[in-house]
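Read the figures in this text as sums done on the coordinates, not as results from a lab. Predicted, not measured: the structure shown is a model, and the values here were computed from it. Please note: Cβ atoms are built from the backbone with ideal geometry, for glycine as well, and neighbour counts cover all protein chains shown.
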Amino acid sequence: MKQRKVLVGVAIAIFIILLLYWLLVAEDMQPWLSAMVPSVAQQFFA
């Protein structure tokens, strides 16, 4: 059971790191995303 606790701890640590990374990068990506999403939507719904 000890190994499972370690895996859960590692998974939570990775999740938190990704969340922080996403929060930091998301601000920079906002214009890029808003530029990408309409063009992608047009391709799918045209």
FRET efficiency for Met1 and Tyr21 from the Cβ-Cβ distance with R0 = 30 Å, rounded to 0.05, comes out at 0.45
Residue-span extension gain [Ala35 to Ile14] - 0.36 nm each, minus C-alpha spacing
4.7 nm
